[in-house]
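The values are calculated or read from the model by the stated rules, or taken from the named source; none is laboratory data. Given the structure is predicted, the values throughout are model-derived calculations rather than measurements. In this analysis, Cβ positions are derived from the backbone assuming ideal geometry, glycine residues included, and neighbour counts consider all displayed protein chains.
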Amino acid sequence: MSYKTYIFDFDYTLADATVGICDSVNYALTQMGLSPKRREEIRKTVGMTLGDIFFTLTGISDESSAETFNSHFMYNADRVVTNTTVLFPDTIDVLTKLKQKGCNTAVVTTKVRYRVEEIQSKFNMQELIDYTVGLEDVEAPKPSPEGLLKAIARFGNDKQTVLFIGDSLIDANTAKNANVDFAAVLTGTTTKQEFQALPHILIAENLTEIITNFLEY
C-alpha cells in the first residue's frame with residue numbers, strides 16, 4: 001500500500017521535547033505550591049492537553065487551577081521548549097524522502113502551532129512540512145478527528161490515500177475516529193501491546209520502518 005499524504009503527530013513522533021516539557025510542568029506546579037513530578041510521570045502525559053496533564057498529575061479538576069497551571073506552563077515553555085527540543089535521528093531523512101516522492105506531509109498536534117513552527121524553523125524543515133494543525137486551530141483536540149480531517153481537507157485527498165502516524169493511544173483513537181489508516185511508532189511511552197488493542201496497519205520501531213513498508217522506491 002502506498003499513500004499520497006502522510007500526517008504526523010509531533011511530540012515523540014517527529015521530535016523529543018521531554019526536557020522543556022518536564023521543566024515547564026514542574027515550573028508550573030512549583031509556582032502553584034505543588035510538588036514537582038518525576039520525569040517518567042510527565043512523559044506519560046505528553047500528547048494530552050494541558051488541562052488533562054494537570055488533572056492526571058495532580059488529581060485536581062477545578063477549572064481555575066487548570067487555567068493557572070496552563071498560564072505558568074506556557075510562560076516557561078515559551079522560554080525553554082523550542083531551544084531544548086531535538087528531532088529523532090531519522091526525522092529529516094524520512095520527510096525528505098516523502099517530499100522527493102511528491103507526497104503531501106502535515107502535522108496534527110495538541111501543541112500550539114506557533115511552537116511547532118518555531119521548531120520547524122530551528123531545524124530548517126519548513127519546506128518538508130506542507131501544513132500544520134495546532135491546538136489553536138481546532139474546537140476539540142485529539143482524539144477528536146477535527147484536526148486530522150482538517151489536514152486531509154487541505155489536500156483534497158481521499159481518506160484511503162492518507163496515513164496518520166503517531167506514538168500514543170490518543171493518536172490511534174484520533175485515526176479511528178477519522179476512519180483513517182494508522183501506523184504507530186514506539187518512540188514514545190506507549191507499548192506495542194497497548195497499540196494492539198486499537199486499529200492499526202503497522203506498529204513500527206521508528207519512522208524509517210514505516211517508510212520502508214509503505215513508500216514505493
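Annotations for the structure displayed:
- Test set (1) crowded, with 17+ Cβ neighbours inside 10 Å; (2) part of a helix (DSSP H, G or I); (3) not assigned by TED's automatic domain parsing to the domain that holds Met48 - Phe73 fails condition number: (3)
For every residue, the table says whether it meets (1) outside the structural domain of Glu194 (by TED's automatic domain parsing); (2) over 30 Å from Gln193 (Cα atoms); (3) in a strand (DSSP E or B).
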position: Gly102; (1), (2), (3): no, yes, no
position: Val107; (1), (2), (3): no, no, yes
position: Thr110; (1), (2), (3): no, no, no
position: Tyr114; (1), (2), (3): no, yes, no
position: Ser144; (1), (2), (3): no, no, no
position: Leu163; (1), (2), (3): no, no, yes
position: Ala175; (1), (2), (3): no, no, no
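- Of the criteria (1) assigned by TED's automatic domain parsing to the domain that holds Glu136; (2) closer than 21 Å to Pro141 by Cα, which one Ser64 fails: (1)
- Tally of residues being among the β-branched types (Val, Ile, Thr) and closer than 19 Å to Ala15 by Cβ across the stretch 170-217: 9
- Counting only helices (runs of 4 or more DSSP H) wholly contained in the stretch 1-64, the ones carrying 1 or more residues that are among the small types (Gly, Ala, Ser) and touching a Phe, Trp or Tyr at 6+ places or on another chain (Cβ under 6 Å) occupy 18-31.
- Residue check for Lys142: among the basic types (Lys, Arg), in contact (Cβ under 8 Å) with a residue 24 or more places away in the chain and surrounded by fewer than 15 Cβ atoms within 10 Å (Cβ to Cβ): no
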